[in-house]
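Undergrad: Here it is, the structure in full.
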Amino acid sequence: MVSTTYPVDHYEILGVAASASDEEIRQRYRFLALAFHPDRYQRNPEHHHLAEQQIKRINEAYRVLSDPQQRAAFDHLRRASGNERSQTRSSTAVYAQSLQEMARSTQRLHQIEQELLSTRERLEQSEQTNALLNNRLAELEQLRSSERTLFDAEQRTLRQQVEQMAREQIESERTLRSKLERAERKIHRLEQDIERKNELIERLKHAKAEWDASSQSRIDQLTQRVERLRAELEEREQQLAEAVGGRQRLQQQMSQEQHSALHVAQRYSTALSISETEAARLQIELDAMTAAQQRSRAIMRLWQVAAVIGIINTAILLVIALNWLSGG
């Protein structure tokens, strides 16, 4: 049963209206129980004592208002003692408001303590970071000192190497200058050799022209001789029916003439081979001088082409003459 008088208003203690629902009363109780829990005020004994008293009032108010029968009885007595309570409501309301403000201040203080703790942790981390940075800076200073020493040593080594390279360059310039002088003298000798080779080529050209003229005269004589042989062959063919013995002698004479013609052709071929060998030797000599004189190379190529053309013409004439002799 509920007592006949209520020194305090449970609605004011919980800070809800008299028409509040059970859910509102339950939520408000949870909030106040969490805000005024004595464990949160361990550092201040006075606040801890007040929190214990207030949590008792909160529990008592919630116990009454959470029970429908006790709440109905409390509402009935509250209405019946409305006049008496009107005198004490203001002081109770002020007390409840001060407790709520104290709870909010306590929460704010707790938040500030957490922020202070986090700030202290960040400060400690910053100090550790600064210590690490100082250590790293010291290491970098040592590394810089060692690198500077190594750099100075390398600089001295490089300066010595540069001086050595300068001396070597001067020596190499002297060597190259002497080699250049020797090369110029060698080029002068090569130019003289080229002049002599050109004179030799001119003489060879003149000899080739004479050889071509003499070859042409020999070919003409051979042609005339072949014509005479053909005429004789025609006469002997006419006389073949009259004398078999004359025919045999004519055949022997023809074979002799063919043998002599082949002998002449062989000698001419031998002479051409000798000429080709001499031309090849001259070609080798001229090839050795092509790196120094492009003009000599061009002249040599023209000479080779002319020689090949002359050899081809001569070979063609010999083949024609041999074919003609064989056919006759």
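The values are calculated or read from the model by the stated rules, or taken from the named source; none is laboratory data. Given the structure is predicted, the values throughout are model-derived calculations rather than measurements. Cβ: placed from backbone, ideal geometry, glycine included. Neighbour counts: every protein chain shown.
Undergrad: Which of (1) polar (S, T, N, Q); (2) without any contact (Cβ under 8 Å) to a residue 40 or more places away in the chain; (3) in a helix (DSSP H, G or I) is the odd one out, the single condition Ser19 does not satisfy?
TA: Going through the list (1) polar (S, T, N, Q); (2) without any contact (Cβ under 8 Å) to a residue 40 or more places away in the chain; (3) in a helix (DSSP H, G or I), Ser19 breaks only (3).
Undergrad: Considering the stretch 282-327 alone, what residues qualify as being within 30 Å of Lys186 (Cα to Cα), part of a helix (DSSP H, G or I) and touching a residue at least 60 places away in the same chain (Cβ under 8 Å)?
TA: Leu282, Glu285, Leu286, Ser296, Ile299, Met300, Trp303, listed by residue number.
Undergrad: Only one of these is closer than 14 Å to Ser215 by Cα, at pLDDT below 85, of a type in the set (D, E, K, R) and assigned by TED's automatic domain parsing to the domain that holds Gln221: Arg281, Arg267. Name it.
TA: Values: Arg281 fails: closer than 14 Å to Ser215 by Cα.
Answer to the selection: Arg267.
Undergrad: Considering every residue within the stretch 242-261, establish whether at least one is exposed (fewer than 13 other Cβ atoms within 10 Å of the Cβ) and among the β-branched types (Val, Ile, Thr).
TA: Yes, some residue in the stretch 242-261 is exposed (fewer than 13 other Cβ atoms within 10 Å of the Cβ) and among the β-branched types (Val, Ile, Thr).
Undergrad: Within the stretch 210-229, is even one residue farther than 30 Å from Met300 by Cα, outside any helix (DSSP H, G or I) and out of contact with any Leu (no Cβ under 6 Å at 6 or more places or on another chain)? Spell out the reasoning first.
TA: The first filter runs over the stretch 210-229 and keeps only residues farther than 30 Å from Met300 by Cα, leaving 220-229.
Still in the list and also outside any helix (DSSP H, G or I): none.
No, the stretch 210-229 has no match at all.
Residue-by-condition table, conditions (1) outside the structural domain of Leu32 (by TED's automatic domain parsing); (2) modelled with pLDDT of 80 or more; (3) surrounded by fewer than 10 Cβ atoms within 10 Å (Cβ to Cβ):
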position	(1), (2), (3)
Leu77	no, yes, no
Glu84	no, no, no
Ala93	no, no, no
Gln107	no, no, no
Gln111	no, no, no
Leu116	no, no, no
Glu154	yes, yes, no
